[in-house]
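Beneath this line is the structure, given in structure tokens, with notes to follow.
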């Protein structure tokens with residue numbers, strides 16, 4: 001009697017579990033395969049560049065940085081009052097008596113919600129640069145800007 005009751009309970013449990021274990025039929029044919037790639041939201045960060053300084057190397061650095069941001073698909077130069085990553089560049093001649101030898105620079109990355117809001121500091125860098133090092137520094141600054149835009153991406157979400 002116990003064996004018969006055990007067999008009935010096992011069959012009952014198996015009948016309950018079996019439909020859940022069976023693979024759904026026709027799901028592969030029911031889901032259409034997309035014909036075009038899915039649209040992915042592009043990661044474009046609004047960037048504003050503000051420069052201060054009178055030396056020629058600093059002016060070339062700022063111009064090269066703006067050109068790099070303008071041609072990049074990851075950034076959009078913005079002067080409007082919108083949430084943006086603000087890059088403040090200050091340069092001065094390394095040696096005032098020889099202004100074309102080198103420059104000292106300071107770059108500050110800040111988040112600006114609007115023009116009349118107080119910006120929030122995100123990062124900074126200080127260094128010296130010569131005329132030959134402008135392209136390398138621009139590449140490094142763009143890379144750091146991209147890293148900061150990824151790290152603080154939640155600030156730009158609406």
Checklist entry - Could you list, in sequence order, the residues of segment 77-119 that are closer than 15 Å to residue 145 by Cα and out of contact with any helix residue (DSSP H, G or I) (no Cβ under 8 Å at 6 or more places or on another chain)? => result 78, 84, 86, 88, 106, 108, 110, 112
Checklist entry - Quick check, is residue 123 under 18 Å from the mean Cα position of the chain (by Cα), free of Cβ contacts under 8 Å to residues at least 40 places away in the same chain, more than 16 Å from residue 52 (Cα to Cα) and not in a helix (DSSP H, G or I)? => result yes
Checklist entry - Within segment 90-116, which residues are buried (at least 19 other Cβ atoms within 10 Å of the Cβ) and within 23 Å of residue 130 (Cα to Cα)? => result 91, 93, 103, 105, 107, 109
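No value in this document is a laboratory result; all are computed from the given coordinates. The structure presented is a predicted model; accordingly, all values stated were derived computationally and were not measured. For neighbour counting, all protein chains shown are included, and Cβ atoms are generated from backbone atoms with ideal geometry for every residue, glycine included.
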